[in-house]
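Please read the structure below before turning to the comments.
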Amino acid sequence: MFRPNWSWTSTFAPPGAADDIHLAWKRFQTEAPPICWTPHNGGHWMALRGELIKEIQLDHTRFSHSEFIVPVDPSRQFIALPLGVDPPEHTEYRRIITPAFLPKVVNAVEARVREIAAGLVEKLAPRGECDFIADFARHLPITVFMEMVDLPMSDREMLLGWAEFVVRHGSIEERRNAQINMRQYLAGWVERRRKNPGDDLISRVIQSKVYDRPINEEELFSVLSLLLFGGLDTVASMMGFVALFLATHPEHRRDLLAHPELRKNAVEELIRRHGVSSTARYITHDIDFHGVALKEGDMIYITNMLYGLDDQIVDEPLKVDFRREAFPLAAFGHGPHTCPGAVLARRELMVFVEEWLPRIPDFQIKPGTKPEMTPGYVNGVGRLDLVWEPRAA
């Protein structure tokens, strides 16, 4: 059995992750066999090659989503719906939230996304510097999401703190406490929305049906908790990596400014190159999986970003080419568990590029600073100090 001959700090942080998370995982993908074992987080398997990642994502009969985080919490009290169930149950619960992220809905929201983005950049441009994560990435997508669920922006930092424990480096106890806190927080809002329903996403979930019956309390809080934990972090994390790339690649910035028709391709290519999320799967029965004996009850971790970084899938995967004709990626998953918010995420990244670059075309990492990486189930950039020539708003 292959075991990584490296000094890992955790399952989520291979050596070198503090400097470049994607390069650290790519190095491991190159040096390790396609399926390997790690003793971290209770011990589990890892699938590192793109075709294996896709096969696991599509096969819920052998690789169940009933457990998708390592280490497994043996006394967990919450099922994350619809993420924590497999088809056909998954389909029933996913139907609750899918309408909120359809293209026609995102089209209607885009004007507000653009208004927020433009306002943020107009405030930042005269300053000549910012921490991109705190001043932009943790505002644009999160403000949009908080408006979709109609929750007060004053609660943002508290909610982000709970999300951090769940999607990053929280222990079992910290994750459990964050879930309990989120449920208690939501209880008050559920009571308010039952008395005074609105057009927000929380009200719609409260009024939804599953299996031709009203959604029950456990299902309700499970769906709402997952929405908040997922909606508060992922896009902001990806936006941080995109900004970091553009800050260090002026030729790509100039290309986008000179050729705005490339922006849609550019967003897809940047998503492929800078995937952020990963999940695990529960092995439902003993199987031989590409020559490796996996046992019922084992967990296997799939780092989705490695699909788009696999040279067996993508030519020159580390190279960012805005004219690439195909964008093989698994950043949003494959199959039934594909992220329902993918359309909105793409649109928010597109708006960021379109509103930021014309106003702040030349920017770089602030001298003397280093981007802070935050590894976890959702990899991110914790801090990104940028500087540019101050410009009039």
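Among the residues making up the range 142-161, none is over 16 Å from Asn181 (Cα atoms) and modelled with pLDDT under 90. It is to be established whether one or more residues within the range 158-179 are touching a strand residue (DSSP E or B) at 6+ places or on another chain (Cβ under 8 Å) and part of a loop (DSSP other than H, G, I, E, B). Within the range 158-179, one or more residues are touching a strand residue (DSSP E or B) at 6+ places or on another chain (Cβ under 8 Å) and part of a loop (DSSP other than H, G, I, E, B).
Filtering the range 162-180 down to residues that are of a type in the set (A, V, I, L, M) and under 19 Å from the mean Cα position of the chain (by Cα), which residue is modelled with the lowest pLDDT? Only one residue tops the list, namely Val167. Determine, yes or no, whether Val210 is touching a helix residue (DSSP H, G or I) at 6+ places or on another chain (Cβ under 8 Å), farther than 30 Å from Met305 by Cα and touching a residue at least 12 places away in the same chain (Cβ under 8 Å). Criteria met by Val210. Answer yes or no as to whether Glu355 is in contact with a Lys or Arg (Cβ under 9 Å, 6 or more places away or on another chain), touching a residue at least 12 places away in the same chain (Cβ under 8 Å) and buried (at least 21 other Cβ atoms within 10 Å of the Cβ). Considered against the rule, which asks whether it is in contact with a Lys or Arg (Cβ under 9 Å, 6 or more places away or on another chain), touching a residue at least 12 places away in the same chain (Cβ under 8 Å) and buried (at least 21 other Cβ atoms within 10 Å of the Cβ), Glu355 comes out as yes.
Scan the range 354-376 residue by residue and report those that are farther than 18 Å from Ile142 by Cβ and either touching a strand residue (DSSP E or B) at 6+ places or on another chain (Cβ under 6 Å) or outside any loop (DSSP other than H, G, I, E, B) (or both). If the condition is that a residue be farther than 18 Å from Ile142 by Cβ and either touching a strand residue (DSSP E or B) at 6+ places or on another chain (Cβ under 6 Å) or outside any loop (DSSP other than H, G, I, E, B) (or both), then Glu354, Phe363, Gln364, Ile365, Lys366, Thr369, Pro371, Glu372, Met373, Pro375 are the ones that fit.
Filtering the range 289-315 to residues that are at pLDDT 95 or above, acidic (Asp, Glu) and exposed (fewer than 12 other Cβ atoms within 10 Å of the Cβ) leaves only Glu296.
Note on the range 216-331: enclosed strands (runs of 3 or more DSSP E) holding 2 or more residues that are touching an Asp or Glu at 6+ places or on another chain (Cβ under 6 Å) are 278-283. Restricting the range 173-184 to residues that are free of Cβ contacts under 8 Å to residues at least 60 places away in the same chain and crowded, with 18+ Cβ neighbours inside 10 Å, which is farthest from Pro74 (Cα to Cα)? Once the filter is applied, the top-ranked residue is Met182.
The values are calculated or read from the model by the stated rules, or taken from the named source; none is laboratory data. This is a predicted model, so every value here is computed, not measured. Glycine also receives a Cβ, built like all others from the backbone with ideal geometry; neighbour counts cover every protein chain displayed.
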